[in-house]
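Structure first, commentary second.
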Amino acid sequence: MSFKITRRAAATALAGVILFASKLVLAAAPMVPTQAPAYYRMMLGRFEVTALLDENSPWPSTVEDLFPKLAEPLKSALRKRTLLQPSYDFSTIAFLVNTGQRLILVDTGGLGSSPTYGQLFANLRAAGYRPEQVDDILITHMHPDHVGGLSDGAKRMFPNAVVHADRRELAQWQRAAGKGNTTAKAIVAKLAPYVDSGKYQTFDGDTELFAGVRSRAAYGHSDGHSFYAIESEDKRLMLWGDFVVNDKLQFEQVDLDPPGEKDMAAGVALRRTMFGEASEQGYLVGGAHFGFPGLGRVRAIEGRFVWVPVDYAALNLPAVK
Ligand SMILES: [Zn+2]
């Protein structure tokens with residue numbers, strides 16, 4: 001009987017040993033299907049700014065949904081140039097500003113609009129705050145994804161906060177609700193718990209609301225759409241609401257009107273003005289639907305505008321031990 005081992009048999013045996021050993025060493029750990037808490041914090045002069053994600057989901061799932069009037073071949077050219085994927089996730093972001101004197105929330109996310117909205121509350125807590133600490137809420141405009149988090153039925157989700165908005169904004173939705181518009185009725189209902197308890201205040205266009213916090217009329221997307229300029233120690237952040245909703249396509253193509261834009265001509269004119277101003281002055285910008293955390297700057301390159309998101313930066317605080 002021969003015990004002669006062929007080269008092939010030896011190779012097969014060796015491969016078996018290696019496979020066995022690799023299974024022992026590289027046993028696959030179960031995947032962890034969760035994301036990090038979705039807040040991002042930075043200092044703006046002496047103010048603390050925290051971006052809070054309320055929702056991130058594949059809506060609208062395509063460029064066609066987001067900009068239905070966008071015609072070929074511009075659509076495919078834009079997609080190609082911006083590397084925007086045919087299907088992508090849409091973020092909804094609110095911004096929390098701690099001035100040291102007041103805790104101010106700009107917009108509230110879309111609680112109640114769909115099951116995926118309302119994550120702002122978990123992210124607010126993860127960021128170290130509680131809803132009852134919020135002193136003031138500034139509303140850029142009253143589309144459901146910006147006022148949804150204000151209330152749940154008759155309950156004020158921010159029980160100690162006063163809500164502020166341009167005087168044109170709620171009036172617009174009250175008129176539409178009076179004509180039977182169901183979306184407008186839902187919007188008015190979101191504001192009602194604050195209006196009814198004397199915790200709703202209006203301003204008229206450009207107004208200094210608090211030290212370092214100003215509203216700026218940006219009408220077009222809705223009747224009372226407002227920016228909020230946050231300033232501390234010569235650092236400025238301009239919170240833009242929804243006059244731009246996509247940071248890749250709309251900087252490339254200022255004529256694209258976002259969904260729900262009421263006055264398209266005003267929107268286009270405002271984008272031209274604001275992109276120019278932001279790129280010249282170099283201030284920070286916050287977009288409610290940009291890629292999270294929605295903070296960055298605008299750069300002008302040979303007549304075109306480009307969005308430059310902030311880089312992740314650790315805060316200059318003592319290390320946790
Ligand atoms: Zn929106």
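Any read-out appearing in this document is the output of simple, stated calculations on the displayed coordinates, not a laboratory observation. Being a predicted model, the structure only gives us computed values, none of them experimental. A quick note on method: Cβ atoms are made from the backbone with ideal geometry, for glycine too, and the neighbour counts reach across all protein chains shown.
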Task: Label-point separation, residue 272 to residue 85 (7 Å along Cα→Cβ), nm - done: 3.5
- [ ] Would you calculate the separation in nanometres between label points at residue 311 and residue 207, each defined as 7 Å from the Cα along the Cα-to-beta-carbon direction?
- [x] 4.0
TODO: With an 8 Å cut-off on Cα pairs and a minimum separation of 6 or more residues, tell me the relative contact order of the chain in percent.
DONE: 15
Task: C-alpha long axis of helix 264-281 to longest principal axis of the chain, angle in ° - done: 70
- [ ] State the extension gain, in nm to one decimal, for the chain segment bounded by residue 101 and residue 174, taking 0.36 nm per residue of separation less the distance between their alpha-carbons.
- [x] 23.0 nm
Task: Fewest-first ranking of 311, 54, using other Cβ atoms within 10 Å as the exposure measure - done: 311, 54
Task: Calculated [θ] (222 nm, deg cm²/dmol) that DSSP helices of n ≥ 4 give over the chain, each run adding -39,500 (n - 2.57) - done: -8500 deg cm²/dmol
- [ ] Quick one: compute a quarter of the convex hull surface over the Cα atoms of the range 98-214 and quote it in nm².
- [x] 7.2
Open item on the list: Given R₀ = 30 Å, what would the calculated FRET efficiency be for residue 233 paired with residue 302, taking r from the Cβ atoms and rounding to 0.05?
Closed with: 0.35
Open item on the list: Past 30 Å, Cα to Cα: identify those pairs from 75/179; 75/235; 155/179; 75/262; 69/185; 69/155, in the order given.
Closed with: 75/179; 75/235; 69/155
TODO: Once you have a ≥ b ≥ c as the square roots of the Cα gyration tensor eigenvalues for the chain, tell me rounded if a/c is under 1.5, and otherwise prolate or oblate according to whether a/b is larger than b/c.
DONE: prolate
Open item on the list: For a protection proxy built on the mean count of beta-carbon atoms within 10 angstrom, sort 190-199, 74-83 highest first, please.
Closed with: 190-199, 74-83
Task: With Cα atoms, 0 to 90° folded angle of helix 7-25 axis to the chain main axis - done: 40
